[in-house]
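Working notes, structure below.
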Amino acid sequence: MAAPPLVELANVGKTYQHGATALAGLDLHIGAGEFVSLLGPSGCGKSTALRMIAGLSQPTSGTIRRAWDASPAPAAGTDCRVPWSHPLGCVFQEPTLLPWTSVWNNVYLPLRLRGVSQAAAKSQVDEALTLVGLQGFEQAYPRELSGGMKMRASVARALVTRPQLLLLDEPFAALDEITRLRLNDDLLALWRERRWGAMFITHSVFESVYLSTRVLVMSPRPGRVVEEIVIDLADVRTAETRTSVRYNELCRRASQALERAIAEASTAGRSA
Amino acid sequence: MAAPPLVELANVGKTYQHGATALAGLDLHIGAGEFVSLLGPSGCGKSTALRMIAGLSQPTSGTIRRAWDASPAPAAGTDCRVPWSHPLGCVFQEPTLLPWTSVWNNVYLPLRLRGVSQAAAKSQVDEALTLVGLQGFEQAYPRELSGGMKMRASVARALVTRPQLLLLDEPFAALDEITRLRLNDDLLALWRERRWGAMFITHSVFESVYLSTRVLVMSPRPGRVVEEIVIDLADVRTAETRTSVRYNELCRRASQALERAIAEASTAGRSA
Amino acid sequence: MNERSLWIRLGAPMLVGAALLAAWEAWVRCAELPKYILPTPSEVVATIFAQWPALAPAWLVTLKTMLVALAAAVVFGVALAALFASSRLVETSLFPYAVMLQVTPLVAVAPFIVIWIGWERVWLTQLVCAWIVAFFPILSNTTMGLRSADPGLRDLFTLYDASRWQRLRLLLAPSALPYFLAGLKVSANLALVGAVVAEFVTGTQVDNPGLASTIFTSQLNSDTPLMFAALALISLTGIITFFAMEWLSHLLLARWHESAVGER
Amino acid sequence: MNERSLWIRLGAPMLVGAALLAAWEAWVRCAELPKYILPTPSEVVATIFAQWPALAPAWLVTLKTMLVALAAAVVFGVALAALFASSRLVETSLFPYAVMLQVTPLVAVAPFIVIWIGWERVWLTQLVCAWIVAFFPILSNTTMGLRSADPGLRDLFTLYDASRWQRLRLLLAPSALPYFLAGLKVSANLALVGAVVAEFVTGTQVDNPGLASTIFTSQLNSDTPLMFAALALISLTGIITFFAMEWLSHLLLARWHESAVGER
Amino acid sequence: ADKVTLATNWLAQPELGGFYQAVADGTYARHGLEVTIKPGGPLVNNRPLLAFGKIDFLIGTNLIQPFDAAKQQIPTKVVAAFFQKDPQCLLSHADGPWKTWDDLKQAPLLMGNAGRQTFFLWLHDAYGFPRANLRPYNHSLAPFLNDPRAAMQGFATAEPERIREASGKEPRVFLLADHGWNSYSTVLETRNDLIAKNPELVRRFVDASIVGWNTYLDAEDTDAADVLIKKDNPSMTDGLIKFSRRKMSELELLRGGEAKKLGIGAIDVERVKSFCAKMVAAGMYQEGEIDPTTAVTVEFVNKGVGVE
Ligand SMILES: Nc1ncnc2c1ncn2[C@@H]1O[C@H](COP(=O)(O)OP(=O)(O)OP(=O)(O)O)[C@@H](O)[C@H]1O
Ligand SMILES: Nc1ncnc2c1ncn2[C@@H]1O[C@H](COP(=O)(O)OP(=O)(O)OP(=O)(O)O)[C@@H](O)[C@H]1O
Ligand SMILES: [Mg+2]
Ligand SMILES: [Mg+2]
């Protein structure tokens, strides 16, 4: 955390056109190699924060600093046979696949946009598809996939560029627990190997503690970070981690923080 | 279970146009007042089964019998000031809200389609919205909602008609755990009051055991029911249920069944 | 759309228009073209004012034909598209006749339309001609739009036993709206051209002349400024209609459709 | 679309067509209408065969004008729509001129087009006229379509720093495709009408007369069967084009778009 | 040879035969001219081409448009008037109810756009033809043939034969010229600057055209010209050509009136003035709005060319 953060939000607020204030006074930073989870009640502004970090939406107050804004990505068309790295990878809450083309082409898309040829991308795309368990569905069209498979395709697309910062909006919510656990482990393994920064939005307290180096708990609308829990578990996490005392303690802490935040909300909601 | 089942699938198979077989030999029945959960790996055909029960897709083999096919619903336009009950309520895996109108109108839609006037529907719609915690967002448009809020609107729409059979496809996947637990309890309370039949697709083993009278575990593609777990917990379930020994034992059984099913799949997948 | 962007959207075309007109004026003046070859915009405007007593009623006549023909095109096009939406078989069986109606040149069939409707009913004949010209885009676009409803929403309506009419009104119609509006823009233009052409082929009127008579007479009389004045009124009508349609689109789609909403 | 539905979709319109033709034949025979008022379908068909040596080259001329005008309309309409998609300001500034071009009646501006292009280049003049008639629907529909891309996908392309061109080609173009295709159907019809009308207003190419010349000649000679023969060829062209477009739509949209896919 | 373009007011037809004759038999070539004929048509407006200088000569239907040109100060002039008598006529069915000129006022009158804006105004003013009786005319005979009570506009040299060919009966013909419509027809117009800069060329063209007309009217064999006409206008039949040629002679369209003495193309300025006065009386122009003498010039005609 000595290194300058990849992204830093200071006192960020967001009010939408019709007057809904989604965020107010959000402070948040993600350093290189950090795995930050965001926990918060439904509608508290997690997706809004993610979209702002990704540069897809502008805050109405406060500032956002992004490390990669200073050093721009290589121009499209540059020789890309060497594994190429885009600063950002993103899994939105919805799968957002191109309906008019195959799963393979959907995962290939970010590379294609950087001018990587199909042949050059093949191994990378196939690897990403295998990672999420979609081998055999390369030629299927999005409408022929189940809900969970669509999300997995979307995860594969985010991973295929080997990003420095990975933004994930509930990527595993539509998956059964076994697949989810497997993907958790796969993701962690990849993270240990590549040490990207990650912001992970989830509703599973267990998942957030298991994966993260830090868990941020947000309050309901207007959202801001109300609690920061540093996860001081060993880097390598296994099934045993889940039964460890520390893990369960951290989970309980996160759960309680969330509960507190929501309790506030429902009293606020009922009084409103 | 002595009463004739609301719906019964016998040896049902489904092969899609491009040759993908989603289901093969699926047997399943839901009785009145039963709360049946479906657990299964991603892509095993759960949504396909739900769509077939809802009559939105035809099986390519086997038979489906629906109790309400014999006694048709009252014709549209009949006097509906008395609370009216549609045989089916359905929450799809995606929110499927009408983008061009407000949340209120979206929840009102099923009543509107039966000729209920806005005034007559008001209390029912408002009640459903309050149940899912969307009070205050009646006039918002779907695109102004967060992912979880959209799903909640969809749940409200399914509940508003007081159906005899409720089909729910991962309705709470996009919700934080606190909201999810609250909605679980609310749903159970409603169920105890109205005793509808329910088919609940979920990826959370805990949720399935907590809510159901019966849990069905499905094998991967082509899907069929490989294990049936009768949940013999007391009807009234509370936070204490979750710490009970029996509950945890049932959860473990369900988990293991799921794990076995998926282990088969991945060996099959790798050999394929 | 906020205040500022509204002003830009009205101001920008006006600026471009003003610049073009100025260039035209300058060019004609420098090249010293006589006005029977190409009048300057100022001459055209002067002609519009000078001839207003004759132009205004002619404009109204054409406008009336255009609007009624457009209304008929909307009613008929939408109704037929709704019929087509009910069955693919009906659609493929009848669509070719709609195509035939549109591709048959008015100049050729006008005499037969005249005989069929009765040659005393000139205005009705013109209306039918303009309508024939205008209705196809609405039909074609609305048909495509009605087919483009989201399958998830279709399922929802099936589930709740929506009647055909409910499905049409509450699901298909809103889904088709953006397509319909794109078609409406084309049809509005065609109704205008159709109104003018219809007057040409059914004979310029002596008693209630429309703009086609003005154009024809001015051509016959080599009165180029008057012809340009009439053409300017036609263009103006087209442009006003266009912006009215844009505004209608905005009104109907603003809160939900991708083509109209701003930031998510 | 499976084999069976393909046959139904081709068979149904043919059956309806056959029934209508039979009714027409019967009616004309019973009413004993002289053929200069209304010929029977069999007379029309006989005329097509008898006059084939004259009709065929005329048909080819009109067909050529139509196809080239349509191609130009597609190229220009799509290019302009792409330009409009790049900026809302450009769009509102220039769209009115596209409207003007479309609403100005050809009969009025044809002499100026002839002067501008040169009266010797008759075919080019006709081409330009037919193009003017045909291009607007493509422009209008494609513009609407380019705006209708899913906002989530737009975000995706922004995130990955897609260039304008990549965004256009990989995102906007496929999203606009259903709109474009609806517009194409209208434009194809208009290109056909435009090709005929252009020949009327610019004068026949003396060496290569098209169907307009046939129509006019037959009108002068009261050779109604010949006129219907020419009109039949025009209708046939329109219908064939229509089915070609349907087939193209099916080919391009079948695997993914709501308007074309069958069961989910 | 000088390249010259002549645009006509209609498709190729015997009523323009003299010009085609001069092309076909080399008369123009012998006068040092290489002439291209650009035919007109029902919706073709060749007139602006003359003002723009894209063509050199234009055939006008009658004197109205030259008057309009004078009114708009367009620098063009009539240099020759080929038809001394306008063949414009009204037609009624042979077995229909309309037997006299006055009967026609009750008839539904099929009339195209140009007629409505020119001679109908005169018919209305001078004879009280009611506007309400106007019916659309698109050069199709079907509406006329369909209704025995109908009357329609026509050229006395063509429509009677077209009607006879279609229905077997020749209609009744009422020449406007017999009732006071004394416009010239098939007038040759050109630009003033051409007259000023190259009067020699204008003279050659007028002379050659007169020679062409004389040949076309006199020769037994006008096959070369007729082939050209039929090629440019496929609706022409030999029967129609024969009929037109016969009618042109019978009605003395080219050689009647002043042309008897002064030769084909003759222009009598007094007659032009008188026609103009009639049009002013009919309300087509304001008093004094037009100086008819600026619309025509006799510089190139009245020389007795071709008169034996
Ligand atoms: N385009 C919009 N216009 C107006 N309000 C919006 C818009 N998008 C989001 N909001 C509001 O902002 C708030 C935060 O939304 P956001 O999507 O960030 O929530 P979230 O934390 O991601 O919730 P969830 O867990 O349910 O996905 C919500 O209350 C929502 O109603
Ligand atoms: N329209 C379709 N065409 C072809 N194959 C399809 C289609 N819809 C679904 N499938 C296939 O059928 C299988 C079952 O899909 P289904 O949506 O029922 O899965 P699911 O159990 O709901 O999965 P999830 O938990 O991921 O939602 C999947 O393998 C999918 O690829
Ligand atoms: Mg969200
Ligand atoms: Mg599913």
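The values are calculated or read from the model by the stated rules, or taken from the named source; none is laboratory data. Keep in mind it's a predicted model, so treat the numbers as computed, not measured. For neighbour counting, all protein chains shown are included, and Cβ atoms are generated from backbone atoms with ideal geometry for every residue, glycine included.
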So which residues in segment E:49-67 are touching a residue at least 12 places away in the same chain (Cβ under 8 Å), hydrophobic (A, V, I, L, M, F, W, C) and at the interface with another protein chain (Cβ under 10 Å from one of its Cβ atoms), if there are any at all? E:49, E:50, E:51, E:55, E:64, E:67
Qualifying position, being in contact with a helix residue (DSSP H, G or I) (Cβ under 8 Å, 6 or more places away or on another chain) and either within 9 Å of another protein chain (Cβ to nearest Cβ) or outside any helix (DSSP H, G or I) (or both), among E:94, E:80, E:70: E:80
Across segment D:65-89, what is the total count of residues that are away from every other protein chain (no Cβ under 12 Å) and either outside any helix (DSSP H, G or I) or within 16 Å of residue D:214 (Cα to Cα) (or both)? 1
Here the qualifying pairs (Cβ atoms under 7 Å; residues six or more apart or on different chains; first in segment A:187-205 and within 14 Å of another protein chain (Cβ to nearest Cβ) and under 19 Å from residue A:230 (Cβ atoms); second within 16 Å of ligand 4 (Cβ to nearest atom) and in a loop (DSSP other than H, G, I, E, B)) come out as A:201/A:170; A:202/A:170
In segment B:203-230, which residue that is in a loop (DSSP other than H, G, I, E, B) and out of contact with any strand residue (DSSP E or B) (no Cβ under 6 Å at 6 or more places or on another chain) is farthest from residue B:28 (Cα to Cα)? B:204
Enumerated strands (runs of 3 or more DSSP E) restricted to segment E:132-176, each holding at least 2 residues that are buried (at least 22 other Cβ atoms within 10 Å of the Cβ) and not polar (S, T, N, Q): E:134-136, E:151-155
Identify all residues within segment A:1-35 that are under 18 Å from the mean Cα position of the chain (by Cα) and either within 16 Å of ligand 3 (Cβ to nearest atom) or farther than 27 Å from residue A:232 by Cβ (or both); write none if there are none. A:26, A:28
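Conditions tested, residue by residue: (1) under 30 Å from residue E:277 (Cβ atoms); (2) among the hydrophobic types (A, V, I, L, M, F, W, C).
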{"site": "E:11", "(1), (2)": "no, yes"}
{"site": "E:37", "(1), (2)": "no, yes"}
{"site": "E:78", "(1), (2)": "yes, yes"}
{"site": "E:94", "(1), (2)": "no, yes"}
{"site": "E:105", "(1), (2)": "yes, no"}
For segment A:169-187, give me each residue that is of a type in the set (Asp, Glu), within 13 Å of ligand 2 (Cβ to nearest atom) and either part of a helix (DSSP H, G or I) or out of contact with any Ser or Thr (no Cβ under 8 Å at 6 or more places or on another chain) (or both). A:177
Name the single residue, out of those in segment C:185-230 being within 13 Å of chain E (Cβ to nearest Cβ) and charged (D, E, K, R), that is farthest from residue C:61 (Cα to Cα). C:223
So if I check each of A:207, A:228, which one is among the charged types (D, E, K, R), more than 16 Å from ligand 1 (Cβ to nearest atom) and under 22 Å from the mean Cα position of the chain (by Cα)? A:228
Only one residue in A:110, A:99, A:163 is modelled with pLDDT under 90 and either part of a loop (DSSP other than H, G, I, E, B) or within 19 Å of the chain's Cα centre (by Cα) (or both), so which one is that? A:163
Identity of the residue in segment E:48-71, charged (D, E, K, R) and farther than 23 Å from residue D:118 by Cβ, that ends up surrounded by the most Cβ atoms within 10 Å (Cβ to Cβ): E:68
On the basis of being more than 25 Å from residue C:111 (Cβ to Cβ) and charged (D, E, K, R), does residue C:223 make the cut? yes
Looking at residue E:141, is it within 14 Å of chain C (Cβ to nearest Cβ) and either out of contact with any helix residue (DSSP H, G or I) (no Cβ under 6 Å at 6 or more places or on another chain) or not aliphatic (A, V, I, L, M) (or both)? no
Among the residues of segment C:119-146, the number that are over 20 Å from residue D:193 (Cβ atoms), crowded, with 24+ Cβ neighbours inside 10 Å and facing another protein chain (nearest Cβ under 7 Å) is 1
Residue selected from segment B:143-168 under the condition within 8 Å of another protein chain (Cβ to nearest Cβ) and surrounded by fewer than 24 Cβ atoms within 10 Å (Cβ to Cβ), by the criterion farthest from ligand 4 (Cβ to nearest atom): B:144
When the residues of segment A:1-46 are filtered to those that are surrounded by fewer than 22 Cβ atoms within 10 Å (Cβ to Cβ) and among the polar types (S, T, N, Q), which remaining residue is nearest to the other protein chains (Cβ to nearest Cβ)? A:17
Answer yes or no: is there a residue in segment D:133-148 that is free of Cβ contacts under 8 Å to residues at least 12 places away in the same chain, in a helix (DSSP H, G or I) and not small (Gly, Ala, Ser). no
Would you check which residues across segment E:248-259 are touching a residue at least 24 places away in the same chain (Cβ under 8 Å) and either in a loop (DSSP other than H, G, I, E, B) or surrounded by fewer than 19 Cβ atoms within 10 Å (Cβ to Cβ) (or both) and list them? E:249, E:251, E:252, E:253, E:254, E:255, E:256, E:257, E:258
Read through the list (1) assigned to a helix (DSSP H, G or I); (2) away from ligand 2 (no atom under 15 Å from the Cβ); (3) at pLDDT 90 or above, then give the number of the only condition that residue A:129 fails. (2)
When segment B:132-156 is examined, which residues are found to be away from ligand 2 (no atom under 16 Å from the Cβ), outside any loop (DSSP other than H, G, I, E, B) and free of Cβ contacts under 8 Å to residues at least 60 places away in the same chain? B:142, B:143, B:144, B:148, B:149, B:150, B:152, B:153, B:156
Report yes if residue C:96 is in contact with a Phe, Trp or Tyr (Cβ under 9 Å, 6 or more places away or on another chain) and either crowded, with 21+ Cβ neighbours inside 10 Å or under 30 Å from residue B:56 (Cα atoms) (or both), otherwise no. no
Would it be correct to say that residue B:84 is closer than 25 Å to residue C:162 by Cα and modelled with pLDDT of 90 or more? no
Going by what's in this entry, would residue E:114 be described as in contact with a Leu (Cβ under 9 Å, 6 or more places away or on another chain), closer than 30 Å to residue E:301 by Cβ and part of a helix (DSSP H, G or I)? yes
Residue list for segment C:157-180, filter: at the interface with another protein chain (Cβ under 7 Å from one of its Cβ atoms), surrounded by fewer than 24 Cβ atoms within 10 Å (Cβ to Cβ) and either in contact with a helix residue (DSSP H, G or I) (Cβ under 6 Å, 6 or more places away or on another chain) or at negative phi (or both): C:158, C:159, C:160, C:162, C:163, C:166, C:174
